[in-house]
1. Say we look at segment 267-319 and pick out the residues that are among the polar types (S, T, N, Q) and within 30 Å of residue 93 (Cβ to Cβ); which of these is nearest to the chain's Cα centre (by Cα)?
2. Identify, from the list 35, 17, the residue that is free of Cβ contacts under 8 Å to residues at least 24 places away in the same chain and under 23 Å from the mean Cα position of the chain (by Cα).
3. With the requirement that a residue be part of a helix (DSSP H, G or I), hydrophobic (A, V, I, L, M, F, W, C), at pLDDT 90 or above and within 21 Å of residue 269 (Cβ to Cβ), what does segment 282-335 give you?
4. Against the definition (open to solvent by 40 Å² or more (accessible area, probe 1.4 Å), part of a loop (DSSP other than H, G, I, E, B) and touching a Lys or Arg at 6+ places or on another chain (Cβ under 9 Å)), how does residue 60 come out, yes or no?
5. Would you mind telling me which numbered condition in (1) more than 12 Å from the chain's Cα centre (by Cα); (2) at pLDDT 95 or above residue 114 fails?
6. Give the residues of segment 274-299 that are touching a residue at least 24 places away in the same chain (Cβ under 8 Å) and open to solvent by 40 Å² or more (accessible area, probe 1.4 Å), sorted by residue number.
7. Can you tell me which residue is modelled with the lowest pLDDT among those in segment 82-103 that are part of a strand (DSSP E or B) and within 13 Å of residue 67 (Cβ to Cβ)?
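The values are calculated or read from the model by the stated rules, or taken from the named source; none is laboratory data. The structure presented is a predicted model; accordingly, all values stated were derived computationally and were not measured. Every residue, glycine among them, receives a Cβ derived from its backbone with ideal geometry; neighbour counts consider all protein chains shown. Accessible surface areas use protein heavy atoms only, side chains included; no ligands, DNA or RNA. Shrake-Rupley method; radii C 1.70, N 1.55, O 1.52, S 1.80 Å.
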Amino acid sequence: MNINQLGWNSFFEEAFKLHDNYPALIPGRIISEHKGMYRILCEEREVLASISGKLRYQAHNSAGLPATGDWVALKMRHGENKAIIHAVLPRKSKFSRKKAGLTTEEQIIACNIDTVFLVNAVNADFNIRRLERYLLLAWDSGANPVILLSKSDLCSNIDDYIHQVENIAAGVPVHGVSAEQRLGLEALTPYIQEGKTIALLGSSGAGKSTLANVLYGEDRQQVHTTRDDDKGRHTTTHRELILLKNGGMIIDTPGMRELQLWEGEEGIHTGFNDIEELALNCKFNDCRHETEPGCQIQAAIQDGTLDKKRFKSYQKLQRELAYLAKKQRKHQKRR
């Protein structure tokens, strides 16, 4: 296999050569991780690798350790199809969230991705506010978001769903698809290119694994039917990079119901640019957008050009980011 098919380019080549002992190392890309062991694709073969003690010591938290999609520098163990990972190369993009629970720590979902397919089923589990969260993290990831409204064959008003999504995702491509019925999939062809990586993200039961199987050309990922209430069952239990037969790569990921922000400042500026533009034109610089005279946001809500629920979502996300930043500062100071 040509290493360029895995996404290797001059960005990673230059970073790789910065290591003093790089002639003794080889590059590889993380396919998946299982209990501290990593499956890695190299130019010549697939190997199983563990992390060097030095790398583990230097990593301040789990975000400093390899993740699915990462490029790493590794050294083969003599006479074995195993290796030791000595370094994680710089990431050109990463999709991450805050770890679930009370801990203040980043959890990386996928690295070095070019496009993020945000998969949302158009059934009872459809949630426009949750989609806003996904978009924020996608914009901050450095990859290009694309929204897929899956299971479109099960609804008669897919155009209404598309219109709802376009109202909160200006400029983001939106496609109605059905992997089960092979509908709308031709629209995905431009994103699937040799050397390019796509991450599939969305809630459990959204149809990510079914889509992964269709794009791959056979049933590689296990799939389950949704429950009677349209809530999904967890099918994918770990993140895995899959090479497609016709070129390109996808990273299938477990469903995420709890999606806490980790970063989002740039994403919130991009995703809610319309609201921030309105705020700049308020009569008072310190307008709280409640009952002040000359408030452009309240005027837009009154005339119907701004959805009140969308504005409330913007305020909630801002508060969440401010709270997270405060916790991150306290955590950094403590460390």
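1. Among them, the one singled out is 270.
2. 35
3. 297, 300, 301, 311
4. Here the answer is yes, as residue 60 does meet what is asked.
5. (1)
6. 274, 278
7. 97
Matching residues to (1) out of contact with any Lys or Arg (no Cβ under 6 Å at 6 or more places or on another chain); (2) aromatic (Phe, Trp, Tyr); (3) open to solvent by 40 Å² or more (accessible area, probe 1.4 Å):
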position	(1), (2), (3)
121	no, no, no
142	yes, no, yes
160	yes, no, yes
168	yes, no, no
